[in-house]
Amino acid sequence: MSSDANTPVLRNCIRLPLAEDELLEVTAKAKDYAIMHGAAMRSKTAFSPDSLNFAPFVLVPSSFPRKEFEKAVALQPIINRLMHNVAHDEEFITTTLAETIKVDEFTANLFNIYRKVLAHGFTQAYSIGLLRSDYMAHVSEGCAIKQVEINTVASSFAGIATQLVPQQKFVLSELGHADKLHNMPDNNALAGLCNGMVKAWDIYAKPQAVILFIIEDVSYNICDQRFHEFYIRETYPHIKVLRRTLTEVHREGKLGQSKELLLGSQEVAVIYFRAGYEPGHYHSQAEWDARYLMETSLAIKCPSIHYHLAGTKKVQQALAQPAVLERFINDPEEIKAVGKIFTGLYSLDDNEAGNASYEMALRTPERFVLKPQREGGGNNVYGVDIPDALKRMSRVERSAWILMDLIHPPLTKGYMVRPGGDMPPQIVDMVSELGIFGVVIGDAEHIVHNYQAGHMLRTKLSTANEGGVAAGLGALDSPYLIDSDDEDEQK
Ligand code: ADP
Ligand code: MG
């Protein structure tokens with residue numbers, strides 16, 4: 001979907017193919033390296049809480065334009081501030097989501113919690129955002145990065161991505177290319193995010209209080225959560241981490257006299273949501289009640305409900321409209337820089353502009369992706385499938401969706417390694433999506449911490465619409481930075 005015969009191919013970091021015996025040996029080694037260093041997941045097909053599979057990975061790091069990587073890194077503190085300001089703009093969030101919540105029940109449920117919290121006043125003024133801004137390089141604009149989406153809830157893979165840099169460095173060294181390691185940027189995503197949680201814990205300022213991770217009933221991506229937990233426990237042994245599902249919080253949680261969140265006798269300082277971002281996580285009203293209980297509590301939420309809503313696709317679409325950024329960013333240079341990462345995003349609300357986007361999507365569907373207000377992958381509709389999907393909706397139902405220009409990333413060639421996959425792996429055409437992590441902590445008036453916190457690269461088959469790592473078409477990767485004026489390194 002993402003490419004045609006004319007799509008440029010980025011120069012590889014090393015010459016491929018590898019000789020078969022060398023490939024077999026290094027792939028087997030990389031698989032064991034991954035399992036032994038926790039670049040791993042629970043199997044969905046043969047689930048056992050007692051074992052792990054390596055997470056799908058790309059053997060040799062995929063190339064990414066250095067200038068664009070550096071741009072994304074430099075932009076992150078500005079994006080952090082933007083999202084913080086958006087999250088605290090009640091009027092903007094309310095107006096932007098007004099049509100969507102009439103037809104999208106899940107967003108409406110989140111919004112109801114927001115409305116109730118607003119009515120009673122925020123018990124906790126501070127929020128922590130652990131964000132991930134995702135990009136693809138867009139070939140028709142000289143590989144300039146375009147934002148795919150911004151995640152404000154459960155931004156994942158900081159743990160595994162941090163492990164993948166040494167893994168791919170190990171592979172490159174084994175293959176005799178230690179001289180190239182300097183083109184792989186350091187990645188401290190795990191420490192960056194965890195230190196952010198600890199800074200929030202410090203703000204809460206109660207030595208006995210714990211950090212609570214909200215988890216799914218079954219965590220397939222367990223390593224990526226345990227990394228965070230173990231990092232916190234090992235670096236800050238005085239801070240305890242608890243893991244609970246929404247259902248368990250409903251059963252065990254209550255508010256104390258100052259609205260502190262209590263699980264049994266343990267007070268919760270910080271809540272880190274790794275679940276709660278999709279309808280399936282709320283089995284009944286009990287889970288919604290738990291979410292509301294936490295939201296009204298004194299605990300510092302990651303994300304708080306307003307941050308969660310600021311990360312919806314609808315808000316992203318609204319931000320990409322001309323002149324909207326001026327509401328949230330003062331510096332004209334920053335407005336320009338952020339404006340450039342947006343590709344076309346269009347409302348499908350039932351009004352003149354929305355109906356024009358609808359007509360445009362029917363005329364040239366191959367230019368677009370259609371997105372609902374969902375996270376977690378597998379929800380979008382692509383290209384030629386869009387007209388049928390749109391025609392099945394009523395005019396008002398369309399406002400639960402947004403339309404976005406397809407980004408066309410350059411190709412890379414490499415070996416994708418999956419549990420149960422071919423040995424040796426075949427060379428495939430791939431495209432990559434870069435995620436930049438950011439941490440922002442503050443209240444409505446002040447931002448007290450704001451920094452960029454590492455990165456991740458997810459690479460998928462060029463023929464795939466989406467590259468969900470657990471879903472089967474994507475793999476974890478790290479960027480190998482190339483300059484446009486580099487010599488051809490394949491010689
Ligand atoms: P989710 O919240 O489900 O992760 P995304 O907006 O990130 O939703 O879309 C999922 C995937 O779909 C992305 O990781 C990317 O592979 C693909 N995708 C999304 N938007 C675009 C786009 N505008 N152009 C090309 N691919 C896209
Ligand atoms: Mg995504």
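For the reader, a short list of remarks on this structure follows.
- Packing, taken as the mean count of other beta carbons within 10 Å per residue, orders the peptides 181-190, 234-243 from highest to lowest as 181-190, 234-243.
- Among beta bridges identified by DSSP and lying wholly in the chain, the antiparallel ones come to about 75 percent.
- Straightening the chain between LYS391 and ARG15 buys 130.6 nm, computed as 0.36 nm per residue apart minus the Cα-Cα spacing.
- Annotation for GLN266 and ARG367: the two label points, set 7 Å from Cα along the Cα-Cβ direction, are 5.3 nm apart.
- Projected over every direction and averaged, the convex hull enclosing the alpha-carbon atoms of the chain yields 22.9 nm².
- For the chain, the solvent-accessible area of protein heavy atoms averages 40 Å² per residue (probe radius 1.4 Å; ligands and nucleic acids excluded).
- Modelled spin-label separation between ALA353 and LYS67, with each label point placed 7 Å from Cα along the Cα-to-Cβ direction: 3.2 nm.
- For the range 388-400, 3J(HN,Hα) per residue [Karplus equation, 6.51 cos²θ - 1.76 cosθ + 1.60, θ = phi - 60°, Hz, x = Gly/Pro]: 4, 4, 5, 5, 6, 9, 6, 4, 6, 4, 4, 6, 7
- Mean separation of Cα contacts under 8 Å (6+ apart) over length of the chain, as relative contact order %: 29 percent
- Measuring against 20 Å, Cα to Cα, the residue pairs LYS314/LYS371; LYS67/LYS199; LYS116/LYS259; LYS340/LYS413; LYS313/LYS340; LYS116/LYS240 contain LYS67/LYS199; LYS340/LYS413; LYS116/LYS240 as the ones spanning a longer distance.
- Ordering VAL384, SER432, TYR236 by Cα displacement along the dipole of the chain toward the positive end leaves TYR236 in first place; charges were set at the Cβ atoms of Lys, Arg (+1) and Asp, Glu (-1).
- Karplus (6.51, -1.76, 1.60) ³J(HN,Hα), θ = phi - 60°, over the range 288-305, in Hz, Gly and Pro reported as x: 5, 5, 5, 4, 5, 4, 5, 5, 7, 7, 7, 4, 8, 9, 10, x, 6, 4
- Within the accessible area of the chain (1.4 Å probe), percent carbon and sulfur: 50 percent
- Proximity of backbone amide H atoms, modeled 1.01 Å from N, is registered between HIS449 and ILE441 at under 5 Å, excluding neighbours fewer than 5 places apart on the same chain.
- Each peptide among 345-354, 57-66, 72-81 gets the average number of other Cβ atoms lying within 10 Å of its residues, and from highest to lowest they stand as 57-66, 72-81, 345-354.
- A crude spin-label estimate for the pair ASP443 and SER140, with each label 7 Å from Cα along the Cβ direction, gives 4.8 nm.
- Of the peptides 159-170, 135-146, the order by per-residue mean of other Cβ atoms within 10 Å, starting with the highest, comes out as 159-170, 135-146.
The values are calculated or read from the model by the stated rules, or taken from the named source; none is laboratory data. No experiment lies behind these values; they were computed from the predicted model shown. Don't worry about glycine lacking a Cβ; one is built from the backbone with ideal geometry, like all the others, and counts go over all protein chains shown. Heads up: the accessible areas ignore ligands, DNA and RNA and are worked out on the full protein's heavy atoms, side chains in. Shrake-Rupley method; radii C 1.70, N 1.55, O 1.52, S 1.80 Å.
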